[in-house]
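Before any comments, here is the structure.
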Ligand code: PHE
């Protein structure tokens with residue numbers, strides 16, 4: 001009975017845009033360039049792409065299969081597919097991961113909204129490099145302003161979610177995603193034509209493997225999971241809204257390609273600019289905020305490019321945050337039998353409170369350390385490098401060993417309607433390759449071997 005009432009995406013295009021909207025976010029535009037910069041550029045990109053192709057795609061497809069087969073959220077799915085077992089405890093990982101990611105996500109999205117504001121009001125006009133840097137440092141360490149932007153972002157995300165699957169998520173994604181692609185492309189082309197920009201392209205595409213250690217490989221793996229939104233049931237929940245007619249493997253392929261393209265394009269937009277203006281690619285989380293305003297400041301029509309760029313990142317962040325929050329809201333609604341509006345309000349309040357701590361860790365709470373990391377760094381590290389890969393391992397193990405092979409094939413092939421030629425390879429990956437690789441990279445990256 002419940003299945004009939006469950007909403008679905010209205011069109012295939014809308015579904016792909018919503019899925020890509022989840023995947024493409026701050027991870028591609030803010031995080032990818034800065035961790036790629038820290039870990040040496042080209043070599044990191046190669047390892048990252050290997051993980052996307054060999055592990056990311058399979059984990060994503062598995063989430064699609066589980067979600068559409070179970071027609072539930074990340075908790076309900078395991079109750080349906082493995083009744084009477086403890087597999088649904090997986091949802092604890094999902095809820096923890098979603099809360100942690102949303103909290104630091106809101107911090108950065110809050111910064112991007114503030115930067116739109118700064119560019120629209122042309123606040124950077126004629127500033128020296130030192131002024132750009134101190135403006136950033138003063139803003140992020142302020143005890144009030146970044147918190148207000150972060151709370152505003154949580155409320156904005158909630159406002160879209162209240163609209164429901166078709167009206168809210170799908171409609172917003174359908175408009176925002178194509179716009180996003182076009183904007184990154186324009187910025188990439190613009191950056192490549194800057195004098196000396198070719199050094200940035202060399203940095204991004206010519207590998208230097210000497211910088212790759214266990215930590216960098218774990219960072220690449222964690223980032224593949226983070227960027228593709230896999231490992232904790234986000235896409236699994238979205239997949240429960242996918243129509244039974246759609247070809248899941250095609251969709252997973254399209255989402256992986258779109259996500260990787262935006263990350264590489266973001267790198268092409270950022271590194272030539274960084275090198276052209278003699279800035280430091282290993283700047284860290286502040287990379288786009290510290291360097292890009294200076295870059296835009298030196299370009300003609302800089303305020304316009306700057307505004308476009310930060311509008312673009314905020315859009316990308318919004319569609320990803322919607323997917324994160326939708327999981328929490330779907331969970332509260334379906335398991336606690338609450339209305340969508342009330343469930344969203346509760347979720348927004350909790351996220352805003354936790355996000356306040358992460359945001360303040362750049363200012364008044366900067367002295368608080370967890371395992372030697374700031375609250376923000378710890379949340380990012382813990383979610384990306386531990387929760388998501390561990391979640392991915394569980395998902396693969398469950399589908400590969402606990403589900404019937406015939407059920408998997410039935411769902412991925414739409415009851416035999418499509419011929420899935422790579423099915424045996426896929427099965428081998430989720431049974432052996434993905435869990436074993438993830439396990440070794442985890443313990444190596446965490447310094448346990
Ligand atoms: N993939 C999103 C990004 O790249 C972040 C995200 C992670 C969203 C995990 C959902 C789940 O920004």
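No value in this document is a laboratory result; all are computed from the given coordinates. Every value quoted in this text rests on a predicted model; they were computed, and no experiment measured them. In this analysis, Cβ positions are derived from the backbone assuming ideal geometry, glycine residues included, and neighbour counts consider all displayed protein chains.
Grab the Cα-Cα distance for residue 370 and residue 193, subtract it from 0.36 nm times how many residues apart they are, and report the gain in nm with one decimal.
Values: separation 177, 0.36 × 177 = 63.72 nm, distance 4.31 nm.
Using 0.36 nm per residue and subtracting the Cα-Cα distance, I get 59.4 nm.
If you average over every viewing direction, what projected area does the convex hull of the Cα atoms of the range 32-140 give, in nm²? Intermediate values should be presented prior to the final figure.
On the way: hull surface 41.9 nm².
Here the figure is 10.5 nm², rounded to one decimal.
Give me the extension gain from residue 431 to residue 381: residue separation times 0.36 nm, minus the current Cα-Cα distance, reported in nm with one decimal. Write down the numbers at each step before the final one.
Values: separation 50, 0.36 × 50 = 18.00 nm, distance 2.63 nm.
Roughly 15.4 nm would be gained on extension.
Using a Debye calculation, one point per C-alpha and no hydration shell, please list log10 I(q)/I(0) for the range 366-449 at q = 0.24 Å⁻¹ in order.
Each listed q maps to, in turn, -1.10.
Relative to the first principal axis of the alpha-carbon coordinates of the chain, what is the inclination of helix 340-360, with its axis defined by its Cα atoms, in degrees from 0 to 90 and to the nearest 10?
40 degrees
Please list the radius of gyration and Dmax for the chain, considering alpha-carbon atoms only, with Å as the unit.
21.1, 66
Where does the range 277-347 land on the Kirkwood hydrodynamic radius, alpha-carbon pairs, in angstrom? Intermediate values should be presented prior to the final figure.
On the way: mean 1/r = 0.0667 Å⁻¹.
Computed over Cα pairs of the range 277-347, the Kirkwood hydrodynamic radius comes out at 15.0 Å.
Angle, helix 42-51 long axis vs. longest principal axis of the chain, Cα atoms, 0 to 90°, nearest 10?
The helix 42-51 is inclined about 10 degrees to the chain.
What fraction of the Cα pairs in the range 164-223, stated in percent, has a spacing above 17 angstrom? Before the final figure, lay out each step's value.
On the way: 1167 of 1770 pairs.
Result for the distance tail: 66 percent.
Quick check: the distance between the Cα centres of the range 412-449 and the range 165-236, to the nearest angstrom?
23 Å
Which distance in nm do the two modelled labels at residue 130 and residue 300 give, with both placed 7 Å along the Cα-to-Cβ direction?
Label-label distance for residue 130 and residue 300, simple model: 3.1 nm.
Jot down the per residue volume, in cubic angstrom and as a whole number, of the convex hull over the alpha-carbon atoms of the range 81-148. If you can, show how the numbers build up before the last one.
Numbers: hull volume 8.4 nm³, N = 68.
Each residue corresponds to 124 Å³ of Cα convex hull volume.
Along Cα→Cβ, 7 Å out, is where each label goes; now give me the distance between the ones at residue 417 and residue 208 in nm to one decimal.
Modelled inter-label distance: 5.2 nm.
By count of other Cβ within 10 Å, fewest leading, how are 174, 341 ordered?
So the residues, fewest neighbours to most, are 341, 174.
Cut-off is 10 Å between beta-carbons; in what order do 112, 260 appear when sorted fewest neighbours first? Walk me through the numbers before you get to the answer.
Numbers: 112 26, 260 23.
Taking fewest neighbouring Cβ atoms as first place, the list is 260, 112.
Output the direction-averaged projected area (hull surface divided by four) of the convex hull of the alpha-carbon atoms of the range 306-449, in nm².
Working: hull surface 55.7 nm².
Averaging across all directions leaves 13.9 nm² for the Cα convex hull.
Angle between the Cα long axis of helix 57-70 and the longest principal axis of the chain, 0 to 90 degrees, nearest 10?
It is inclined by approximately 50 degrees.
How large is the convex hull of the Cα atoms of the range 1-92 per residue, expressed in Å³ as a whole number? If you can, show how the numbers build up before the last one.
Values: hull volume 12.8 nm³, N = 92.
Dividing the Cα hull volume of the range 1-92 by its residue count gives 139 Å³.
Of 223, 39, 88, how do they rank once you tally other Cβ atoms within 10 Å and put the fewest first?
On the way: 223 26, 39 23, 88 18.
Ranking 223, 39, 88 by Cβ neighbours within 10 Å, fewest first, gives 88, 39, 223.
Rg (Å, one decimal) plus Dmax (Å, integer) for the alpha carbons of the range 143-267?
18.6, 51
Quick one: Cα centre-to-centre distance for the range 373-404 and the range 56-135, in angstrom?
Rounded to whole Å, the Cα centres lie 13 Å apart.
Given the Cα-Cα distance of residue 407 and residue 353 and 0.36 nm per residue of separation, how much length would full extension add, in nm? Can you show the working numbers first?
Working: separation 54, 0.36 × 54 = 19.44 nm, distance 4.18 nm.
So the chain would gain 15.3 nm between residue 407 and residue 353.
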